[in-house]
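Student: So that we are looking at the same thing, I have put the structure below in structure tokens.
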Amino acid sequence: MAFSGTGKVWMNGKLVDWANANIHVASHVVHYASAVFEGARCYKTPLGSAFFRLDAHIRRLYDSARIYRMDYALGQDAFTQAVVDTVQANGLEACYIRPILYRGYHELGVNPMTCPVDGTILVWEWGAYLGPEALERGVDACVSSWARAAPNTFPAMAKSAANYANSALIKMEALLGGYSEGIALDPNGRISEGSGQNIFIVRDEILHTPPVSASVLPGITRDTVMTLAQDLGYQVREQELPREMLYIGDEVFFVGTAAEITPIKSIDKVQIGAGRRGPVTTALQQAFFDYVNGVVPDKYNWLQTVEIPSVAKTR
Ligand SMILES: Cc1ncc(COP(=O)(O)O)c(C=O)c1O
């Protein structure tokens, strides 16, 4: 869905109009993908708008920045406040939040350290990432011919823009092949993750997901699903998984902030289970959406309410 092109963007402490949220083409990030970023969501709940696990997202952003030796002028608390300010200024009751720290404008060369670390926060309304029907009916996926990065090449635990060159190759190959998503293997041929999602396989009511050593981003939704699954009484195993587990799973689903919990109905044209959303996926979706939509008690303190000024709402 194209941007509406309206609203405010936070740039290094200033709220600027969307149309003026520009950087110079000579900025380091444009040439060398020297950025780390996050994707978080704010949901509309009966108690008002609420960020879901914003603290975990900001922590991962600063972890990513640390890995890439990027020191931003603001600390985590001040940056979190900036996210609040941006959402309030835009008057969106529910939105997707994209904070990004990047190497800006000074000089060009591979060495990023001479360039400033700049920060931006974008927010926009974003529905179901893989289409409105995907959450219910599931998607068709393929195993990508592109693997995830090997250990000690691109750090998978950092959510860096550079990693998404690999994700884009996976995604394009999948779309051009007639699939909605691609699933990447790690350099050892074990299951890793989707182009922008972690993955779970259910077999005999046990949940399996690859470990962080399988070149996956340590997803916050992945952690949420593991916690909620255990609360529902399911066993969860975090372990190396061979590719063929994908085809013999009773249910397979993607998880991520954008994708939320999206069932997979086929992989490489092999039908998964009954070819539709299965009972474990349904139970987990229910628990997840009940939680993020604030209809069950916030047992883990994952929701942070934010007042949306009514003036901004009618903007
Ligand atoms: C490559 C990749 N893996 C996994 C995820 C899921 O992470 P999270 O649940 O924190 O959004 C994402 C989304 O950010 C991603 O881009």
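Student: If you place +1 on the Cβ of every Lys and Arg, -1 on the Cβ of every Asp and Glu, and leave all else neutral, what size is the dipole of segment 80-234 about its Cα centre, to the nearest 20 Debye?
Tutor: In debye, rounded to 20, segment 80-234 gives about 440.
Student: For a label point 7 angstrom out from the Cα of residue 204 toward its Cβ, which stretches of segment 221-238 have the backbone nitrogen within less than 14 Å?
Tutor: Flagged as within label range: 235-237.
Student: A further question follows. Where does the chain land at 222 nm, in deg cm²/dmol rounded to the nearest 500, when only DSSP H runs of n ≥ 4 count, each adding -39500 (n - 2.57), divided by all residues?
Tutor: -8000 deg cm²/dmol
Student: Taking the Cα centre of the chain as origin, work out the dipole magnitude from +1 charges on Lys and Arg Cβ and -1 charges on Asp and Glu Cβ, in debye rounded to 20.
Tutor: 380
Student: Right, something else. State in Å² the accessible area per residue of segment 24-122; use a 1.4 Å probe, count heavy atoms of protein chains only, and round to the nearest integer.
Tutor: Accessible area per residue: 44 Å².
Student: If N is the number of residues in segment 223-315, what value comes out of its Cα radius of gyration divided by 2.2 N^0.38 Å?
Tutor: Relative to the 2.2 N^0.38 Å estimate, segment 223-315 comes out at 1.37.
Student: Could I ask something else about it? First obtain the Kirkwood hydrodynamic radius of segment 250-298 from its Cα pairs, then insert it into the Stokes-Einstein equation at 4 °C and 1.567 mPa s, and state the resulting D in µm² per second as a whole number.
Tutor: Approximately 112 µm²/s, per Stokes-Einstein.
Student: Treat segment 86-193 as a sphere of radius equal to its Kirkwood radius over Cα pairs and apply Stokes-Einstein at 10 °C in a medium of 1.306 mPa s; give the translational diffusion coefficient in µm²/s, rounded to a whole number.
Tutor: D, rounded to a whole number, is 94 µm²/s.
Student: Relative to the longest principal Cα axis of the chain, at what angle does helix 54-67 sit, 0 to 90 degrees, rounded to 10?
Tutor: 80
Student: Quick one: Cα centre-to-centre distance for segment 202-246 and segment 122-191, in angstrom?
Tutor: 17
Student: Report in % the part of the accessible area of segment 32-163 that belongs to carbon and sulfur, leaving out ligands and nucleic acids; probe 1.4 Å.
Tutor: 53
Student: Another question, if that's okay. Just want to confirm a number: the relative contact order over the chain, from Cα pairs under 8 angstrom separated by 6+ residues, in percent.
Tutor: Once divided by the residue count of the chain, the mean separation gives 21 percent.
Student: For segment 162-248, what does the accessible surface come to per residue with a 1.4 Å probe? Please give it in Å².
Tutor: Heavy-atom SASA per residue in segment 162-248 reads 40 Å².
Student: Return the FRET efficiency for the residue pair residue 73, residue 282: r is the Cβ-Cβ distance, R0 is 45 Å, and the value is rounded to the nearest 0.05.
Tutor: Computed FRET efficiency for residue 73 and residue 282 comes out at 0.50.
Student: Let me ask something else about it. Evaluate the charge dipole of segment 156-315 about its Cα centre and quote only its size in Debye, nearest 20, assuming +1 on the Cβ of each Lys and Arg and -1 on the Cβ of each Asp and Glu.
Tutor: 420
Student: Distances over 16 Å make up what percent of all Cα-Cα pairs in segment 135-225?
Tutor: Result: 54 percent of Cα pairs exceed 16 Å.
Student: What full-extension length gain, to one decimal in nm, is calculated for residue 168 and residue 239 as 0.36 nm per residue of separation minus the Cα-Cα distance?
Tutor: Length difference between fully extended and current span is 23.0 nm.
Student: I'd like the carbon and sulfur percentage of the solvent accessible area for segment 168-315, probe radius 1.4 Å, heavy atoms only, ligands and nucleic acids excluded.
Tutor: So the carbon and sulfur contribution to the accessible surface is 50 percent.
Student: Take residue 300 and residue 18, extend 7 Å from each Cα along the Cα→Cβ direction, and tell me the distance between the two endpoints in nm.
Tutor: 3.2
Student: So what is the relative contact order for segment 1-115, in percent, with contacts set as C-alpha pairs under 8 Å and at least six apart?
Tutor: Relative contact order, segment 1-115: 37 percent.
Student: How much of the calculated P(r) for the chain lies past 38 Å, in percent of all Cα pairs?
Tutor: Everything past 38 Å amounts to 13 percent.
The values are calculated or read from the model by the stated rules, or taken from the named source; none is laboratory data. On a predicted model such as this, the values are computed, not experimentally measured, just so you know. No Cβ is skipped: glycine too gets one built from the backbone with ideal geometry, and neighbour counts run over all protein chains shown. These accessible areas exclude ligands, DNA and RNA; they are computed on the full protein's heavy atoms, side chains included. Shrake-Rupley method; radii C 1.70, N 1.55, O 1.52, S 1.80 Å.
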